[in-house]
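Step one of this worksheet: look at the structure below.
Here, each number is a calculation from the coordinates, and none is a lab measurement. Please read all numbers here as calculations on a predicted model, not as lab measurements. Cβ: placed from backbone, ideal geometry, glycine included. Neighbour counts: every protein chain shown.
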């Protein structure tokens, strides 16, 4: 076993991995876009924008429309998500117990804004597990599927990319982590996940895909290396 293969840091995506937010967010995003003249369904938002930042989604839609949304768009989107998440957001099943069983350092690297990450983790009782190690796509030039966010998180945590394992639920997230030369465990246990998602995450480069967080600690026990993760 090569010491360079050891996992020293586990980087978690937030939405759909720590908090079961994606289905709620897709509905809100679709409703607000439609109200601002871009008719789209929650399913279409899921297909196009899952795992990407709201900033990038807005720029893509504005380019397609050939016009910019008013400032009220972002304010309305944030306010509606705040309300819906405050009323309905839940942690991913078993995540709290799972985090308690991990011996490695952990952090969050999410496409959400710093405020959204902190709020979602606070609402679900997970903030104390990660604070202050919360990293947002707003802190880098390019969001997922570019590797910038994961490389930034690893640098902030003083950990070489080769010693990081990422837990992700989206193809852009898996693609970003692989581009950062990190091992990726795909997760399909969120309420937004569909049949075929596991195959899509594997095709994007996930070494293994799980649908129950309780299986995670054994996969990345300190005695296991990257090659062993890939064949579990």
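Only one of the numbered conditions (1) touching a residue at least 40 places away in the same chain (Cβ under 8 Å); (2) closer than 25 Å to residue 142 by Cβ; (3) surrounded by fewer than 17 Cβ atoms within 10 Å (Cβ to Cβ) is violated by residue 13, and that is (3).
Name the single residue, out of those in the stretch 100-114 being surrounded by fewer than 19 Cβ atoms within 10 Å (Cβ to Cβ) and farther than 13 Å from residue 133 by Cα, that is nearest to the chain's Cα centre (by Cα).
First pass over the stretch 100-114, keeping only residues surrounded by fewer than 19 Cβ atoms within 10 Å (Cβ to Cβ): 100-106, 113-114.
Of the ones still in play, those that are also farther than 13 Å from residue 133 by Cα are 100-104, 113.
Values: 100: 20, 101: 21, 102: 19, 103: 21, 104: 19, 113: 12 Å.
Filtering the stretch 100-114 for residues that are surrounded by fewer than 19 Cβ atoms within 10 Å (Cβ to Cβ) and farther than 13 Å from residue 133 by Cα, the one nearest to the chain's Cα centre (by Cα) comes out as 113.
Only a single criterion out of (1) more than 23 Å from residue 60 (Cβ to Cβ); (2) buried (at least 17 other Cβ atoms within 10 Å of the Cβ) is not satisfied by residue 148, namely (1).
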